[in-house]
1. Treating cross-link reach as a plain straight distance, find the aspartates and glutamates whose alpha-carbon is under 19 Å from the alpha-carbon of residue 327, omitting any fewer than eight places away in the same chain.
2. Could you bin all the Cα-Cα distances of segment 1-130 into 10 Å bins starting at 0 and give me the percent of pairs in each, rounded to whole numbers?
3. Quick check: from the Cα gyration tensor, does segment 58-122 come out rounded (a/c under 1.5), prolate or oblate?
4. Would you mind checking 317/380; 105/347; 317/374 for any pair whose Cα atoms are more than 24 angstrom apart?
5. Can you tell me the length gained on complete extension of the stretch residue 98 to residue 154, counting 0.36 nm per residue apart and subtracting the Cα distance?
6. Rounded to the nearest Å, what's the spacing between the alpha carbon centres of segment 110-146 and segment 260-321? Just the number, please.
7. Return the long-range amide H neighbours of residue 285 (sequence gap of 5 or more, or a different chain), with a cut-off of under 5 Å between placed amide H atoms.
8. Using a/c under 1.5 as the rounded threshold, could you call segment 292-355 rounded, prolate or oblate? The axes a ≥ b ≥ c are square roots of the C-alpha gyration tensor eigenvalues, and prolate needs a/b larger than b/c, oblate otherwise.
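Just so it is clear, none of the values below were taken in a lab; they were calculated from the coordinates. Computed from a predicted structure; not experimentally measured. Every residue, glycine as well, gets a Cβ built from its backbone with ideal geometry; the counts of neighbours run over all protein chains shown.
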Amino acid sequence: MREFQHGLQKKNYYMIISVIIVLMVLGVVVDNPFDSRFVIHGGMVFIVAFCLLLYPLYENAGMRYTTIIASTVYFYSLFYLYPETWSEFILLCFVPALSILFFDKRLFYFSLVLNSLFIGFTFSYIAIVDQGQTYLYIYADIAGNVVNFFASQIILYFIFHLTNVRIQKQRMYYEQVQQAERLKTTGQMAAAVAHEIRNPLTVVKGFLQYYEADPELNQSFKKNFSLMINELHTAEHVISQFLAIAKPDEDKMKDSVGIDTVLNDVTELLKSYGMHNDNSIELSVEEGCFIIANPIEIKQLFINLIKNAIEASPHSKAVSVAARKKKGVVRIEVMDHGRGMSSEELKNLGTPFYSLKSKGTGLGLMICYNIVEKYGGTIKFESAPGVGTKVAVQFPMAH
């Protein structure tokens with residue numbers, strides 16, 4: 001995820017970093033004689049400042065890890081360069097707090113482990129080699145300082161955990177709002193124009209069919225009629241998909257739907273569709289997977305998802321379909337081994353007229369989102385280029 005897509009974000013970042021760099025430089029030049037400590041301290045400030053200034057240009061994992069390592073070495077350098085300053089030890093306790101700013105779970109755990117290794121070496125040095133000659137304030141109560149250090153790491157862990165949970169909830173809420181806006185916009189478009197477009201299309205198609213059946217017309221004149229009628233069928237199909245999204249469907253009958261029955265029917269229906277490229281469907285369903293929904297719509301949902309998986313699969317590769325019960329929900333996963341999708345392509349799924357298929361409209365997948373949302377479920381896509389795609393659908397279990 002790129003954090004600096006907007007110029008304002010980057011401007012604010014550079015303003016904050018400029019203040020931090022100025023403070024670090026003041027720490028070097030204020031009341032500090034020019035000696036080896038000055039040179040080492042200045043060198044570390046330069047390295048950390050360089051990493052911080054360079055990060056917005058790349059924003060990758062390598063730059064984040066490099067910045068955290070450089071910052072950790074910087075704070076430990078200060079601790080060893082200025083042993084008379086007891087406040088440096090407090091800074092060591094909160095080194096992993098820097099990684100929280102990146103909202104990267106792996107980076108935070110890496111920072112915790114790195115800091116623990118560094119502090120382990122530091123305490124061993126003070127206890128075995130130094131023995132209180134330089135770091136008396138630590139050696140005098142080394143056990144208490146060890147406890148304080150690990151207590152600070154636990155506090156940081158809980159701060160990160162709570163912050164990360166909140167960020168994930170906000171991200172999920174933002175995605176739901178985006179999807180709701182897409183559905184709302186498409187519904188409004190459909191209600192406004194679908195009927196008006198369908199009426200003239202029906203008239204044009206009727207006249208074409210009439211003239212195509214007229215034996216008095218020249219055959220050379222009628223040779224393109226079938227092509228025009230087929231294209232009108234395609235247009236009508238798109239309009240029907242629009243109407244399927246726009247109409248409320250609140251009055252449709254809901255019932256207890258057995259996922260095993262639905263998936264068996266759908267896979268049986270689509271087996272012949274996959275035979276064209278020798279694609280099989282591997283089905284695994286746990287017993288007792290029931291949800292409350294309209295069976296016709298649920299069948300439509302999985303026909304769309306499994307059909308997409310078959311179309312994305314290379315020759316002779318199987319599509320996996322599995323359903324399991326898990327903590328009050330029924331989870332259904334459909335996985336293919338196709339070309340996969342980038343993170344940018346995943347973000348656009350469900351957008352009207354966005355499709356990775358040459359003749360796709362993107363409305364079929366939007367109908368899937370609509371059905372899942374209607375019955376209180378969730379739908380999530382996981383994919384990577386060259387790996388394949390997995391779509392996970394969850395519905396509340398029927399008790």
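1. 260, 286, 287
2. Whole-percent P(r) values from 0 Å outward: 11, 39, 35, 13, 2, 0.
3. Working: a/c = 2.30, a/b = 1.97, b/c = 1.17.
Note, shape of segment 58-122 comes out prolate.
4. Working: 317/380 22 Å; 105/347 21 Å; 317/374 33 Å.
Exceeds cut-off: 317/374.
5. Values: separation 56, 0.36 × 56 = 20.16 nm, distance 1.50 nm.
Length difference between fully extended and current span is 18.7 nm.
6. Answer, in whole Å: 60.
7. 323
8. Values: a/c = 1.65, a/b = 1.34, b/c = 1.23.
The shape class here is prolate.
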